[in-house]
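The values are calculated or read from the model by the stated rules, or taken from the named source; none is laboratory data. Everything numeric here is computed off the predicted structure, so don't read it as measured data. For the accessible areas, the whole protein counts, side chains as well, though only heavy atoms, and no ligand, DNA or RNA atoms are used. Shrake-Rupley method; radii C 1.70, N 1.55, O 1.52, S 1.80 Å.
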Amino acid sequence: LAIGLAATSVVVRVTGESDWWICIGGVAVVGLVNVVNFMDGVNGISALHGVIAGLSLAYVGADQEQWLVVVGLALAGAYAAFLPWNINGRMFLGDAGIYLLGGTVAMCIVLGWLRGLPIEALAGSMVIYVADTGVTLASRIVAGQKWYESHREHTYQRLNRIGLAHIQVTAIVGAASSVCAVAGIVAAYAHGPTRTLAFAVLVGEVGVYTLARTRIVLPDAADGTPS
């Protein structure tokens, strides 16, 4: 929270924007740090996501925000270098790696948005992560479960629990995030039917991924049979 508030405060003071941006920055950092933390439950998933988010942010900043290109490529390069060690479970990101990813992406989105870049292009790569976390949290609250307790109810975790290997789950989530990142960028800069189609693809991808959880039959914890 302090990092988000401090970083946004500096930019607000320099640009003369409204102080409301400071609150947005603080909430965004706290929110995405936790979202990424919740989603880091299988080998390689968040390292790959760091590459996708970094490349997406670098592309969005290419025309007018060179700082975003530098940060995006640095982020993508760092997580790409770590991915081979992480994909087989030899090393893990841990809190340090997760907080770095969530906090950096959050600040890039907020500061890019503050600078006038389209939010759909900036945040497209994070939509699947946010949707999975949000739907899982809402479903647990509705079911009367203790939402603050650890669990394995995320869509990606359910995919792993029915037998998909870590690398398969990582590939599915990575592919879905890539589609949303590209669709967000196209929706931001295209016009007419192309823009509408891009938004449809974005919404459709999120819908397919999040609704998949309702179609996954989990094995019973006691004997391994479907419940």
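In this view, the solvent-accessible surface of TYR148, computed with a 1.4 Å probe and all protein chains in place, comes to about 150 Å².
Stokes-Einstein diffusion coefficient for the stretch 116-169 at 37 °C in a medium of 0.692 mPa s, Rh from the Kirkwood formula over Cα pairs: what value in µm²/s? Before the final figure, lay out each step's value.
Details: Rh = 12.9 Å.
Approximately 254 µm²/s, per Stokes-Einstein.
Which helices count as membrane-span-like in the chain under these terms: full DSSP H, at least 27 Å along the axis by C-alpha, Kyte-Doolittle mean of -1.0 or more? Each step should come with its number before you reach the end.
On the way: long enough: 20-39 (28 Å, 1.85); 66-86 (30 Å, 1.29); 94-114 (30 Å, 1.53); 166-189 (35 Å, 1.60); 192-211 (28 Å, 1.02).
What comes out of the filter, once short or polar helices are dropped, is 20-39, 66-86, 94-114, 166-189, 192-211.
For the chain, a Gaussian network of Cα nodes joined below 10 Å ranks THR136, THR155, THR170 by mean-square fluctuation, and the top entry is THR136.
Rank GLY97, GLY54, GLY163 by mean-square fluctuation in a GNM of the chain with C-alpha springs under 10 angstrom and give only the top-ranked residue. Of GLY97, GLY54, GLY163, the Gaussian network model singles out GLY163 as fluctuating most.
Springs between Cα atoms under 10 Å define the GNM used for the chain, and in it the highest mean-square fluctuation of SER46, SER125, SER18 occurs at SER18.
All alpha carbon pair distances within the chain were sorted into 5 Å bins beginning at 0; the resulting P(r) in whole percents reads 1, 7, 13, 18, 19, 17, 12, 7, 4, 1, 1, 0, 0. Shown are TYR79, TYR189, whose ranking by accessible area with a 1.4 Å probe and every protein chain present, most to least, is TYR189, TYR79. One Cα centroid belongs to the stretch 117-152, the other to the stretch 182-217; the line between them spans 16 Å. Within the accessible surface of the stretch 54-206, defined with a 1.4 Å probe on protein heavy atoms only, the carbon and sulfur portion equals 67 percent. Compactness ratio for the stretch 125-227: Cα radius of gyration over 2.2 N^0.38 Å (N = residue count) comes to 1.24. The candidates GLU120, GLU149, arranged from most to least accessible area with a 1.4 Å probe in the full protein assembly, appear as GLU149, GLU120. Per-residue ellipticity at 222 nm, computed for the chain from helices alone with -39500 (n - 2.57) per DSSP H run of at least four residues, works out to -24000 deg cm²/dmol.
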